[in-house]
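Have a look at the structure below, then the notes.
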Amino acid sequence: MSLDGSIAAPDAAPGRGLGRGGEVLHNWVHGGDWGSFSPTGVDREVGQALFADAGACLVGRRTFDVSEAWGGNPPGGLPCFVVTHEPPAEWVKAGSPFTFVTEGPENALARERAVAGDKQVYIGGGADIANQLLRTGLIDEIRIHLVPVLLGEGTRLFERLASEPISLEAAGVIESPFATHLRFRVLRESN
């Protein structure tokens with residue numbers, strides 16, 4: 001995420017999944033050399049831990065589309081649940097690494113948890129999906145990879161939250177030249 005809150009630059013589209021100039025948001029994943037997928041140092045450790053702890057991932061349809069379905073290889077090689085109103089016919093087939101869920105993000109999360117078993121579930125794409133699940137109290141932890149850039153415009157991660165504050169507790173911070181990796185636990189109100 002950029003310092004001004006964007007997870008994609010303007011004009012995100014297939015072939016330009018992070019928008020115009022948005023590649024900088026993933027420099028930490030590439031070790032500063034775009035396209036290498038060779039993170040270094042603590043960035044490598046953060047990325048490895050992220051996927052080692054996860055048993056499945058959940059994304060929105062727009063993320064799926066602009067990433068061009070990651071060439072058929074979902075993030076981290078995990079089973080991937082895609083929230084959509086209309087599944088793409090070319091991926092609805094036996095052996096597809098994607099499961100399309102038309103019943104909303106809460107249902108997709110329940111299905112993802114069943115597949116993940118004892119592992120964590122990873123919500124890896126889509127501000128709208130993340131915001132919906134955060135508003136309904138279904139997210140336990142937020143991980144932000146804060147990149148030292150101001151994009152000015154783009155897709156904001158926390159654009160449409162509820163009007164009530166959501167309390168967080170700092171759970172960790174790791175710094176690298178390309179990103180500051182932040183972890184927060186979502187605090188629940190006790191009744």
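Going through region 97-139 one residue at a time, which ones are out of contact with any Cys (no Cβ under 9 Å at 6 or more places or on another chain), farther than 30 Å from SER163 by Cβ and of a type in the set (S, T, N, Q)?
Matches in region 97-139: none.
With under 30 Å from VAL173 (Cα atoms) and touching a Ser or Thr at 6+ places or on another chain (Cβ under 7 Å) as the only criterion, which of ASP43, ASP53, ASP33, ASP4 stands out?
After ruling out the rest, the residue left standing is ASP43.
Quick one: which of ASP65, ASP53, ASP11, ASP33 is within 17 Å of the chain's Cα centre (by Cα) and surrounded by fewer than 16 Cβ atoms within 10 Å (Cβ to Cβ)?
Result of the check over ASP65, ASP53, ASP11, ASP33: ASP53.
Is it the case that some residue within region 177-188 is small (Gly, Ala, Ser), under 19 Å from PHE51 (Cα atoms) and modelled with pLDDT of 90 or more?
yes
Looking only at region 62-85, count how many residues are touching a strand residue (DSSP E or B) at 6+ places or on another chain (Cβ under 9 Å) and either under 23 Å from ARG16 (Cβ atoms) or β-branched (Val, Ile, Thr) (or both). Walk me through it before giving the result.
Keep residues of region 62-85 that are touching a strand residue (DSSP E or B) at 6+ places or on another chain (Cβ under 9 Å), which gives 62-67, 69-70, 72, 74-76, 78-84.
Filter once more, so that each one left must be either under 23 Å from ARG16 (Cβ atoms) or β-branched (Val, Ile, Thr) (or both): 62-67, 69-70, 72, 74-76, 80, 82-84.
Residues in region 62-85 being touching a strand residue (DSSP E or B) at 6+ places or on another chain (Cβ under 9 Å) and either under 23 Å from ARG16 (Cβ atoms) or β-branched (Val, Ile, Thr) (or both): 16 in total.
Tally time: how many residues in region 90-115 are crowded, with 19+ Cβ neighbours inside 10 Å, touching a residue at least 40 places away in the same chain (Cβ under 8 Å) and not acidic (Asp, Glu)?
The qualifying residues number 3.
Looking only at region 123-138, decide whether some residue is surrounded by fewer than 17 Cβ atoms within 10 Å (Cβ to Cβ), over 23 Å from SER2 (Cα atoms) and among the aliphatic types (A, V, I, L, M).
Looking for residues that are surrounded by fewer than 17 Cβ atoms within 10 Å (Cβ to Cβ), over 23 Å from SER2 (Cα atoms) and among the aliphatic types (A, V, I, L, M), one finds at least one in region 123-138, hence yes.
Tell me the residue from LEU168, LEU133, LEU161 that is in contact with a Pro (Cβ under 8 Å, 6 or more places away or on another chain) and either modelled with pLDDT of 95 or more or of a type in the set (A, V, I, L, M) (or both), please. It would help to see each step written out before you state the result.
Numbers: LEU168 fails: in contact with a Pro (Cβ under 8 Å, 6 or more places away or on another chain); LEU161 fails: in contact with a Pro (Cβ under 8 Å, 6 or more places away or on another chain).
Selected residue: LEU133, the only one of LEU168, LEU133, LEU161 that is in contact with a Pro (Cβ under 8 Å, 6 or more places away or on another chain) and either modelled with pLDDT of 95 or more or of a type in the set (A, V, I, L, M) (or both).
Condition (residue is touching a helix residue (DSSP H, G or I) at 6+ places or on another chain (Cβ under 8 Å), among the hydrophobic types (A, V, I, L, M, F, W, C) and farther than 23 Å from ALA13 by Cβ) applied to region 144-159: is it met by at least one residue?
Checked region 144-159: no residue is touching a helix residue (DSSP H, G or I) at 6+ places or on another chain (Cβ under 8 Å), among the hydrophobic types (A, V, I, L, M, F, W, C) and farther than 23 Å from ALA13 by Cβ.
The values are calculated or read from the model by the stated rules, or taken from the named source; none is laboratory data. All figures in this text were calculated on a predicted structure; none of them were measured in a lab. Virtual Cβ from ideal backbone geometry, glycine too; neighbours counted across all protein chains shown.
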